[in-house]
1. Extending each Cα 7 Å along its Cβ direction at A:W13 and A:R119, get the distance between those two points in nm, one decimal.
2. Taking θ = phi - 60°, what integer Hz values does the Karplus form 6.51 cos²θ - 1.76 cosθ + 1.60 yield along the stretch B:32-46, in sequence order, with x for Gly and Pro?
3. Give me A:I197, A:I46, A:I446 ranked fewest to most by other Cβ atoms within 10 Å of their Cβ, as a rough exposure proxy.
4. Quick check: Cα centre of the stretch A:558-607 to Cα centre of the stretch B:222-265, how many Å?
5. On full extension of the chain, what length is gained from A:H150 through A:E186, given 0.36 nm per residue of separation minus the C-alpha to C-alpha distance?
6. Report, in whole Å, the centroid distance computed from the Cα atoms of the stretch B:149-166 and the stretch A:51-128.
7. When all alpha-carbon pairs of the stretch A:348-438 are counted, what percent fall beyond 15 Å?
8. Along each of its three principal axes, how wide is the spread of alpha-carbon positions in the stretch A:98-225, in whole angstrom units, largest first?
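Every read-out reported here was derived from the displayed coordinates using simple, explicitly stated rules and does not represent laboratory data. Keep in mind it's a predicted model, so treat the numbers as computed, not measured. Cβ sites come from the backbone with ideal geometry, for glycine too, and all protein chains shown count toward neighbours.
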Amino acid sequence: MFGKKSPPITEAWRGFTFTRRALVVGGAQAAVGVALAARMTYISVIDNERYVLESESNRVNLTLVPPRRGWIVDRHGKALANNRVSLRVDIIPDRLHNKDLVLGQLRTLLRLDNDAMDRIERDLKAASGFQPVAVAEDMTEQEYSSILVHLPELPGIAPQRGFARNYPTGAAVGHLIGYVGAPTAEEYEKVKDPLYITPGYKTGKDGLEKYFQEMLRGKPGAKRVEVTARGKVVRELSTQPDTQGKTVHLTIDADLQEFVARRMGPESGAAVVIDTLTGDILAFVSMPSFDPNSFSDGISNSEYSWLRADDHQPLINKATRGLYPPGSTLKPMAAIAAIDHGIDPSERHTCIGGYRLGSRFFRCLGTHGSVDMPTAIMKSCNSYFYWVAHRLGYDAIAPTARLTGLGEEFQLAGSNQRFGTVPDSAWKMRKYDQPWSASDSLNAVIGQGYVSVNPLQLAVMASRIASGRKLYPRLVNRHFKSDPLPFSADALATARHGMDLVVNGPGGTAGRSRLPLDGIAMAGKTGTAQVRGLNTGNGKGGTWRFRDHGLFVCFCPVDNPRYAASVIIEHGMGGSRAAAPVAKDIFTFIYDREKGMEALETFEAGWGGTIKERMDRSYAAWKAGIAAPDPGLAQ
Amino acid sequence: MIPVPPAIQRFPWKLIAVLSAITGFGLLVLYSAAGGNWSPWAWQQGVRFLVFLSVALVIGRFPIRIFEDFAYLGYLGVLFLLIAVELLGFVGGGSQRWLNLGFMNLQPSELMKVAIVIALARFYTQLPPGNTRTFTALWPALAAIGTPAALVMLQPDLGTALAICIGGVVVMFVAGLPFWWFGSAAAAGLAALPILFSMLHDYQQKRVLIFLDPESDPLGAGYHISQSKIAIGSGGIGGKGFLNGSQSHLDYLPEGHTDFIFATMAEEWGLIGGLGLLFAFFLLLRWSTRVAIKARTRFGQLTAAGLTMTIFFYIAINLSMVMGMAPVVGIPLPLFSYGGSSMLTIMTCVGIILAIENDSKTGTRRFH
């Protein structure tokens, strides 16, 4: 009617328009209302399940409780490795909202150094979600409670009481037991077990801890806790306790082990004590050692460098990995071989201070005159054994050496052995493509030349000569067949008699090491191994490195032997001087603990305290030396 | 039947019942949000409600003429306060929304939501009907809306600025301005959205982006929306039960007693509680819309419609926000959220609408 023109605007039209538009607005509002109701229905009905799950995963935090590791105990049930309570603090990355503030607070509260802060930052970057990152372990009660007090200001921090590995005798069992440590990233990648990245969980890294890992491990527990957004635990919902790992029983005698370790004093060396009835290893010592407690807590770089820098090599287990020329300790074994090859032990040879072989003269340490076999052992006469070796050739002696355990690698839990060489003509041909010579036999029979053995083998040799049976060393109750050795009774008796004379005879080489006990006597054989020429020193360590090794193999009591042992003191300048006195004190301790301890305490007073005291002092001195290097050493 | 005295009859009992129901429900949720405690929120909110309800009832007795007469003066006064806040804020540094009056903190931007509606209602009441489709009907209104909205944006407070705009625009709409103006403005607004977006503050931009994809940053800025949806969704149909909401009680839900109180409620009362609350708000808005339509004066009509929109805007934006349908803009849920400013605004709106209702019960309809 009006074309494109709108109708005239009147008040009535305005009122009508208002009503219409108000209804439009109202309708739009109602539509929005319906949309909101629909949206809410969708979230709370259709998506309900998903959001219930998310709400639960917010509320409930499931954490693994690392299992308590099984104990390692000695033959009497005394702990060599157990667990102690450890107070620790971790960060839960998901709950950490103000990282810098919280880390700053922790740094002040726990006095963390830069190394520790760097490590935490690095771990935080690598970690994700609820995977906790360790801040500090083994805190004092004081530090722990200071964290607890500040907990409300430290969202994302989770303090807990856990367990840590503990070695009551410290360094005395270092090489025997090994140590534990946090699993490496590679180990985790291999198994993908979340336990491996749970703070506080440790796996065996060395020695028996590593060998018996599966047995010692146990089963982790789990803890479901209700937590607030800031990570504060409101309550525990349910807890499944962990199952402690199984106990490993060793044949070791903990007291003896500790005594032997301490008796080694400041020397570098090894000692092994074997029960000649069963082959049980009662003491298995390599000194100096490291404190496995330090390793298990995560050893510091500087402590590790200190251990590595020590020329006494505390990181090497010399009982199984140290190879030495055995020296004269092989003479009783050579005597057995000689008798079984028809040499009459009463046949005499005259020592003129050496033995002439062609144009060469092989020297003896003395001029012993006319000696029979037991006397030759007693006086450790080289000439006599040169004569024997020249007569028989070493190919006749080497099988006997092998039967007594030399050159053998034993099935021994958790050990990594270097088993040395028992040479013969075939071996030399194989190795050097050269024929065996008579002088090789002469060198080998006195335990020099190509012969090399480890201390464990020497102890086994002593136990086999003492028992006449093929004993195998063992650390756990494992069954071996210990058949009698194919040696004649006469041969064994002569060897034992010679060893008896070494200690108890007139002018025996270890006469000063007779046991101070009534009715119990020790039999043994000293050995002195030349180092010079065999050991290429780097010219830095002074004369200590070029001194002779002192060795001693022995058993006790002389009649009806029960214990056998070997002692090696590196660069100890002679078996009778360095090694035999240690063996004497070991057996004294076995039969009379008080008397043994008395002797030990006298020694320790002279050495400057127990192992730990001396190690702590040495470490402190080393650290001080690092801080202020001696200008005289700088080139 | 007991005879009821007329003075009692004149009381808007139904309205009081709806308001009390909403607020009372809110008090229960505040009680729960405080871990089963009347303090610090619930009792204070209850007292505040009683005070503001009385104020609303008193305002409701005012003759409507007063609002009309003081419309411009009130608007200018509030505008002056906004400028004052801006200047003081500039001096004080940072975002300033409050004016400390000693006995209370006044937020002038809240007052502006009411003042803009009344001022525009008066403007369109006085505008000759023939000018409705001319430029004269447009520019004063745009200036009146734009100035305070810009000032509030400077604070910066996006939510309140939007509320001011919406209130004003709805008055323009119901005043009868040509439909296509709004249509083309909306189209232009959509086109200009990217430019407007670039003018927002960083944190406001972030909020918008997070709203579009809350899961992109579940622990950072998207945390609010994610946790709010978890709270609502995990409540299901019947809820987890009173005092049993883990999201709110374990602090996963931020602002569980203010902006996100709906999520706190929904977690414990479920869909049933949510729909019940929506229904109560529906009753309130139906009442005010009816008042607008039945109003005796044009001023009353426009004012009631505009104020209805103001109340609605709070509800719609807040609920959209907690359900992840709108960015986090910091608008409380009327009467439900803990806080005095929004309750003051809402109750002022209710009071004025009540005055309009009372006015329409007396005398005959007249249109200016």
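1. Placing both labels 7 Å along Cα→Cβ, they lie 8.6 nm apart.
2. Using θ = phi - 60°, the values come out as 5, 4, 8, x, x, 9, 6, 9, x, 9, 4, 5, 5, 5, x Hz.
3. Ranked by crowding around the Cβ, least crowded first: A:I46, A:I197, A:I446.
4. 75
5. Result for the pair: 9.4 nm of gain on full extension.
6. 48
7. On the way: 2789 of 4095 pairs.
The calculated P(r) of the stretch A:348-438 puts 68 percent of pairs beyond 15 Å.
8. Extents along the principal axes, in whole Å: 44, 33, 30.
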